[in-house]
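Asks: The structure's right below; bear with me while I get my questions together.
The values are calculated or read from the model by the stated rules, or taken from the named source; none is laboratory data. All values derive from a computational prediction rather than experimental measurement. Cβ placement follows ideal geometry from the backbone for every residue including glycine, while neighbour counts extend to all protein chains displayed. Heavy atoms of the whole protein, side chains included, go into the accessibility calculation; ligands, DNA and RNA do not. Shrake-Rupley method; radii C 1.70, N 1.55, O 1.52, S 1.80 Å.
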Amino acid sequence: MSFWLRFAIRSCLRRRRRTGILLAGIAFPVAALVVLGAIMVGVNDTMVRNAVAVQSGQVAFSGRPVEMSAALARTERLAAQAGAIPGVRGALPRCRFQALAQSKNGTQSVVVWAVAPEEERRSTPTAHCMTEGTYLSEPGDTILGAVAAENLGVAPGDTFTLVTPTAQYTRTVSGVYAIGIPAADASVIYIGVQDAKALAESQVYPEVAVFLTDDAVLDKTRDVLAAQAQAEESVETWKELSPEVAQLVELNEFSMRIVILMVIVILGFGVSNALLISVMDRYRHFAVLKALGARPGEIASLIMLEAFAMCFAAGVAGTILGVGAAAAWGKIGLDLSRYTSYNPHFSVDPIVHPRVTMGMTLTPQILALCAGLVSALWPAAIAARRRVAGGMRDV
C-alpha cells in the first residue's frame, strides 16, 4: 500500500496544473463552509447573549417569595457559590417585587429589581444604555426604562411613588435607560441592594442570573446549581426560559446543515468529473501498468489514493484558510444593525462576532474527504475494468 500511495502522490505532482485547480476547487468550498459555520455560531451567540443579557442569564435561579432580608441573604450566598463554578463569568444576585409606580402625570405597573450595581455593570448592558442621567452610582438612586419614564412623565431629578401592598416609597429618578426590549423599557425599575435592605417587603422573589463563557457547558452548570437549590426553588437554562430563541438557534443550525450538504454534493460531482477526465487521459498509462502485472484492484486503489491525497491536502488547506479568515473576522465583528433594527433578539447588541468551533471546523473537511472518496469510486471502477488491449490503442 505504501508503494501505491507514493505512486499516487507522484502522479498528482506530475500533473501540477490540473492538481492545483482541483485542490483550489476543494479548498475554497471547505474554507467558505468553515467561515459560514463560524458566522452561524456567532449569530446564535449574539441572539442568546441579547436574549439573556438583561433578565435571566444563561442559567437562572429563582425561589419562592420571602421577606426582603431573607431574599437578599439567599441570593448573596447562591451568587457566591455559582461564581466559583468553572465557566461562570458572572453571577448576579437579584431580588424583585411587584409595585405600582405613580406620579402626578401617570401610573405604571412595574417590577422593582434590587441589584448589585457593579456586578450588573460588568455583565449586563443596562449601564451602557443610559439615555439620561446616571446609573446606580449613589445610595438612593433609581433608574427606569424610557417607556416607563414617558408613561410617568418623569425625568432625572423628578420623584415618583412606589406603591406595594405593604408600603409606599418615594423614589428619585437618577437615570433613564433604553435597551430596546419593550418588556424591560416599560416595566423594570432598578434600585441598589443597599437601598432594598430598608424596604419592608414580604413578597420578594430571590433570583440569581448566571452568565457563562462561550465554551462553558450549559447543562453541567445547571446541574451544579440545581444540586444547591432547595424545595420550591427552580434552576432553568435560557433554552427553557426563552424557547423561541432556542428554536431560532436550532433553525440556524438546520439551515447550515442543508447548506453544507448542498456544497458537499456539488463538490463531489466536481471531484468525480475531474478524476474521470484524468482517468480517460491515462488509459494507455493504466494499460502499461496492467501489462506489467498490476491487478485491477491495484489500479482502482491508485485512483482512490489519488483522490484521498488531494482531498485531504485540500481539506487541510481550506480549513486553515477558513479558520484564519473566521478568526480575523471575529475580532472585527459583523454589524447587522441595518438588517435587525426591528428584531428584539439583536436590540441590545447587533454586532456578530464569528466564532470558530471544533465541530464547524472539522465537519466540512471530513465531509469533503468522504465526498471525494465516494466520487472517486466511478472513475476507479472505469480504470480498473479497462482492458489492456483497448488501453494500448489509446493515444
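Asks: Of the conditions (1) assigned to a helix (DSSP H, G or I); (2) touching a residue at least 60 places away in the same chain (Cβ under 8 Å); (3) open to solvent by 70 Å² or more (accessible area, probe 1.4 Å); (4) within 30 Å of R74 (Cβ to Cβ), E232 clears all except one; give me its number.
Replies: (1)
Asks: Continuing with the same structure: Take the residues in the range 213-229 that are of a type in the set (D, E) and touching a residue at least 24 places away in the same chain (Cβ under 8 Å); name whichever of them is nearest to P86 (Cα to Cα).
Replies: The selected residue is D215.
Asks: Name every residue in the range 168-191 that is closer than 17 Å to D158 by Cα and either touching a helix residue (DSSP H, G or I) at 6+ places or on another chain (Cβ under 8 Å) or of a type in the set (D, E, K, R) (or both), in order of residue number.
Replies: Quick first cut of the range 168-191, residues closer than 17 Å to D158 by Cα only: 168-177, 189-191.
R171, V173, V176, Y177, I189, Y190, listed by residue number.
Asks: Spot the failing condition for R94; the list is (1) in contact (Cβ under 8 Å) with a residue 40 or more places away in the chain; (2) among the basic types (K, R); (3) open to solvent by 20 Å² or more (accessible area, probe 1.4 Å), and only one is missed.
Replies: Every listed condition holds for R94 apart from (3).
Asks: Anything in the range 357-384 that is surrounded by 16 or more Cβ atoms within 10 Å (Cβ to Cβ), touching a Gly at 6+ places or on another chain (Cβ under 8 Å) and closer than 24 Å to E298 by Cβ? List them, or say none.
Replies: L369, A371, G372, S375, A384
Asks: Let me ask you something else. Quick one: R338 ticks every box in (1) over 19 Å from R10 (Cα atoms); (2) among the basic types (K, R); (3) in a helix (DSSP H, G or I) bar one, so which box is it?
Replies: (3)
Asks: Turning to a different aspect of this structure: Spot the failing condition for G293; the list is (1) of a type outside the set (A, V, I, L, M); (2) in a helix (DSSP H, G or I); (3) open to solvent by less than 80 Å² (accessible area, probe 1.4 Å), and only one is missed.
Replies: G293 satisfies all of (1) of a type outside the set (A, V, I, L, M); (2) in a helix (DSSP H, G or I); (3) open to solvent by less than 80 Å² (accessible area, probe 1.4 Å) except (2).
Asks: Let me ask something else about it. What pairs can you find where one residue is in the range 142-166 and farther than 16 Å from K104 by Cβ and part of a helix (DSSP H, G or I), the other is open to solvent by less than 10 Å² (accessible area, probe 1.4 Å) and modelled with pLDDT of 90 or more, and their Cβ atoms are less than 6 Å apart, with a gap of 6+ or different chains?
Replies: A146/V176
Asks: Which of the residues that make up the range 273-282 are in a helix (DSSP H, G or I) and crowded, with 19+ Cβ neighbours inside 10 Å?
Replies: Matches in the range 273-282: A274, L275, S278, V279.
Asks: In the list T19, T46, T75, which residue meets the criterion of being of a type in the set (S, T, Y) and either closer than 30 Å to I351 by Cα or within 18 Å of the chain's Cα centre (by Cα) (or both)? Break it down stepwise before answering.
Replies: On the way: T19 fails: either closer than 30 Å to I351 by Cα or within 18 Å of the chain's Cα centre (by Cα) (or both); T75 fails: either closer than 30 Å to I351 by Cα or within 18 Å of the chain's Cα centre (by Cα) (or both).
Only one candidate passes the filter, namely T46.
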